[in-house]
Amino acid sequence: MSNLNKILLNKINCKSVWFMRQAGRYLPEFQRIRSKNQDFVKLCLNSELSSEITLQPIERFDLDSAIIFSDILMVPYALGQNVKFTKGSGPKLSDFNLNQFLKSEENIFSDKLSPVYKAIDITRKKLKKSKSLISFIGAPWTLIVYMLNVKEDKGEINLRKLQDKKKELNQIIETLINFLCIHIKNQINAGADVIQIFDSWAGLIPTKNLNDYCYTPNAKILNFCRKQKIPTICFPKGIRERYEDFNDIVKPDGINLDPDIDPAWAREKLRNVVIQGGLNPNILLKDDEDIIKGATKYIRTFKDIPYVFNLGHGLLPETDPDKVGRLIKFYRNFNG
């Protein structure tokens, strides 16, 4: 196991539990803030409120890690695209302007995201030293899906639109890698100690393009993090058995499973990495018996190897916080 793997385990210890989207929409205390702050981008740029939201699940559940309240689309925002979140229809970005994008300047980018870094600084000062503060980015491909508006209603991509922009796509990916590395460094300098990289739409990439659009861009970002000694968790959601290729090529310190990955397969195939998550967030909409049964499967499968208890995606808005609390208590008291 690499030194960075050990650092990751030190930052997020093996008996650790936290949840993606733990700070947000399912909590009544968040809903009270959100009702008074309708513009989501402005809310993400409100350092005091962002920090307060980040700490809400820590105060409620005493989770082992906080994950800063922000959004992966703050990067396209800082690179000149307007970003609007509309309830029921998801985020919408203004038309992409390649020339404007390629002229983006580091100081302007960092300045536009300075409230995010201030929120991290505020949170780190309020958070117990024993708890990790996780920050995150969207991987280049996942950002491009939004930036170029290539995702269609049935969960597919407009391949022709991408094929028409192949040369542009390579320029966009390389520019994004550069600015994402800047964003990572700024977040770590502000007080974050782990970075999670969300490639949430990796499952939409045709198999023949996985190397160009998923493995290589993620590997370049990971190489930067490795040189900077920044622990990383990758989440290439939806690529199924290609998780093994991703792990072998990209070599993250930690890798988050999505619910489609069989935990027994992951234990056998994913080597030299801290495994995280996998539990389907839908299970928290069921009764306690089903929740415990599902959690037990993951806990027992990954017994005696480096594993961080988490979900296979973010907590759903309709999740009952009391069920989250009972799941955390069950995990912490598990002796089977």
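Observations
- Test: residue in region 286-298 that is more than 29 Å from residue 225 (Cα to Cα), surrounded by fewer than 15 Cβ atoms within 10 Å (Cβ to Cβ) and aliphatic (A, V, I, L, M): no
One line per residue, one yes/no per condition, for (1) closer than 30 Å to residue 61 by Cβ; (2) of a type in the set (D, E, K, R):
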{"site": "109", "(1), (2)": "no, no"}
{"site": "123", "(1), (2)": "yes, no"}
{"site": "127", "(1), (2)": "yes, no"}
{"site": "148", "(1), (2)": "no, no"}
{"site": "157", "(1), (2)": "no, no"}
{"site": "161", "(1), (2)": "no, yes"}
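- Taken over region 206-230, the criterion of being farther than 15 Å from residue 251 by Cβ and among the basic types (Lys, Arg) is satisfied by 208 alone.
Every residue, every condition in (1) in contact with a Phe, Trp or Tyr (Cβ under 8 Å, 6 or more places away or on another chain); (2) modelled with pLDDT of 95 or more; (3) buried (at least 20 other Cβ atoms within 10 Å of the Cβ), yes or no:
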{"residue": "27", "(1), (2), (3)": "no, yes, yes"}
{"residue": "37", "(1), (2), (3)": "no, yes, no"}
{"residue": "50", "(1), (2), (3)": "yes, yes, yes"}
{"residue": "59", "(1), (2), (3)": "no, yes, no"}
{"residue": "79", "(1), (2), (3)": "yes, yes, yes"}
{"residue": "83", "(1), (2), (3)": "yes, yes, yes"}
{"residue": "107", "(1), (2), (3)": "no, yes, no"}
{"residue": "118", "(1), (2), (3)": "no, yes, no"}
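- Of everything listed in (1) closer than 14 Å to residue 71 by Cα; (2) in a helix (DSSP H, G or I), the single unmet condition for residue 137 is (2).
- Flag if residue 269 is in contact (Cβ under 8 Å) with a residue 12 or more places away in the chain, under 28 Å from residue 214 (Cβ atoms) and buried (at least 21 other Cβ atoms within 10 Å of the Cβ): no
- Criterion: over 26 Å from residue 169 (Cα atoms), small (Gly, Ala, Ser) and over 20 Å from the mean Cα position of the chain (by Cα) - qualifying residue of 94, 130, 104: 130
- Qualifying residue in region 46-57 (condition: assigned to a loop (DSSP other than H, G, I, E, B) and over 17 Å from residue 316 (Cβ atoms)): yes
- Checking each residue in region 33-56 for being more than 29 Å from residue 96 (Cα to Cα) and either without any contact (Cβ under 8 Å) to a residue 12 or more places away in the chain or out of contact with any helix residue (DSSP H, G or I) (no Cβ under 8 Å at 6 or more places or on another chain) (or both) picks out 35, 36.
- Some residue of region 200-212 being in contact with a Pro (Cβ under 8 Å, 6 or more places away or on another chain), hydrophobic (A, V, I, L, M, F, W, C), over 27 Å from residue 77 (Cβ atoms) and at pLDDT 95 or above: no
- Cβ separations smaller than 7 Å between residues 6+ apart or across chains give the following pairs from region 304-325 residues that are under 21 Å from residue 66 (Cβ atoms) and at pLDDT below 95 to residues that are in a loop (DSSP other than H, G, I, E, B) and among the aliphatic types (A, V, I, L, M): 308/12.
The values are calculated or read from the model by the stated rules, or taken from the named source; none is laboratory data. A quick note: this is a predicted structure, and the numbers were derived from the prediction, not measured. Backbone-built Cβ (ideal geometry, glycine too); neighbour counts: all protein chains shown.
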